[in-house]
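One structure below.
The values are calculated or read from the model by the stated rules, or taken from the named source; none is laboratory data. Every value quoted in this text rests on a predicted model; they were computed, and no experiment measured them. Neighbour counts run over all protein chains shown; Cβ positions are idealised from the backbone, glycine included. These area figures cover heavy atoms from the full protein model, side chains too; ligands, DNA and RNA do not enter into them. Shrake-Rupley method; radii C 1.70, N 1.55, O 1.52, S 1.80 Å.
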Amino acid sequence: MFSDQDRSFMEMALDEAQLSFNDNEVPVGAIIVKDNEVIGSGHNQVIHTNNVTSHAEINAIIDASKNTNNYRLNNAKMYVTLEPCHMCAKAIIDARIDEVIFAAPEPKTGSIISIDNIYERIKFNHKTSYKYGLLQNESSNLLKKFFKTKR
């Protein structure tokens, strides 16, 4: 279901999540790939930027759009360590990203398989496919380690 290349890109997303962890942010990371090359990356920076929209996915989209000089990211794939929320899922659609691969489901806010299935429930003008479970344990363990420090 997942290739060695998929695994390598998800490992890069986990590296981004570690950057969030190191900055005392919820550890989520995202990588955007086109033609097997990374065109954008991002991690959570909500606290650092005092900006509720500064999720890993949004930051990766901003980075990829700057790097490609295009707000549309057709034929791109996003690797993200946690299931996207509604805001991020819609931004992924608006950016025209073709596929999302996420590591771990998010039972409280995940909009793709957990609390909603927005990509199946709503007929958008762009179709984004999804897969999940790649390096799920690694992502979940990093999140658990983070939240354990908060309790």
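None of Ile92, Ile97, Ile101, Ile112 is farther than 24 Å from Asn22 by Cβ and out of contact with any Pro (no Cβ under 9 Å at 6 or more places or on another chain) except Ile97. Residues of the stretch 17-40 that are open to solvent by 30 Å² or more (accessible area, probe 1.4 Å) and touching a Pro at 6+ places or on another chain (Cβ under 9 Å): Gln18, Leu19, Phe21. For Met1, the conditions (1) out of contact with any Cys (no Cβ under 9 Å at 6 or more places or on another chain); (2) at pLDDT 95 or above are fulfilled apart from (2). Annotation: Cys85 fulfils all but one of (1) hydrophobic (A, V, I, L, M, F, W, C); (2) open to solvent by 70 Å² or more (accessible area, probe 1.4 Å); (3) under 26 Å from Asp23 (Cα atoms); the unmet one is (2). The single condition from (1) in contact (Cβ under 8 Å) with a residue 24 or more places away in the chain; (2) in contact with a helix residue (DSSP H, G or I) (Cβ under 9 Å, 6 or more places away or on another chain) that Thr68 fails is (2). Residues of the stretch 99-119 that are under 13 Å from the mean Cα position of the chain (by Cα) and among the hydrophobic types (A, V, I, L, M, F, W, C): Val100, Ile101, Phe102, Ala103, Ala104, Ile112.
Scanning the stretch 34-62 for residues that are over 13 Å from the mean Cα position of the chain (by Cα) and assigned to a helix (DSSP H, G or I) yields a count of 4. A search for C-beta distances below 8 Å between a residue of the stretch 9-29 that is within 17 Å of Lys131 (Cα to Cα) and any residue that is open to solvent by 80 Å² or more (accessible area, probe 1.4 Å), counting only pairs 6+ apart in sequence or on different chains, returns Leu14/Glu138; Gly29/Asp15. Within the stretch 125-151, restricting attention to residues that are assigned to a loop (DSSP other than H, G, I, E, B) and modelled with pLDDT under 95, the residue that is farthest from Leu73 (Cα to Cα) is Arg151. Of all residues in the stretch 80-108, those that are under 20 Å from Val38 (Cα atoms) and in contact (Cβ under 8 Å) with a residue 60 or more places away in the chain have Cβ atoms under 9 Å from Cβ atoms of residues that are of a type in the set (Phe, Trp, Tyr) and part of a strand (DSSP E or B), 6 or more apart or on another chain, in Val80/Phe102; Thr81/Phe102; Leu82/Phe102; Ile101/Tyr79; Ile101/Tyr130; Ile101/Tyr132; Ala103/Tyr79; Ala103/Tyr132.
For the stretch 113-149, a residue qualifies if it is basic (Lys, Arg) and either buried (at least 16 other Cβ atoms within 10 Å of the Cβ) or closer than 18 Å to Thr81 by Cβ (or both), and the qualifying residues are Lys131, Lys144, Lys145, Lys148.
Among the residues in the stretch 46-69, are any open to solvent by 20 Å² or more (accessible area, probe 1.4 Å), small (Gly, Ala, Ser) and within 28 Å of Phe146 (Cα to Cα)? Within the stretch 46-69 (the criterion being open to solvent by 20 Å² or more (accessible area, probe 1.4 Å), small (Gly, Ala, Ser) and within 28 Å of Phe146 (Cα to Cα)), the answer is no, since none of the residues qualifies. Specify the residue that is surrounded by the fewest Cβ atoms within 10 Å (Cβ to Cβ); the eligible residues are those in the stretch 95-112 that are acidic (Asp, Glu) and not in a strand (DSSP E or B). Checked the stretch 95-112; the qualifying residue surrounded by the fewest Cβ atoms within 10 Å (Cβ to Cβ) is Asp98.
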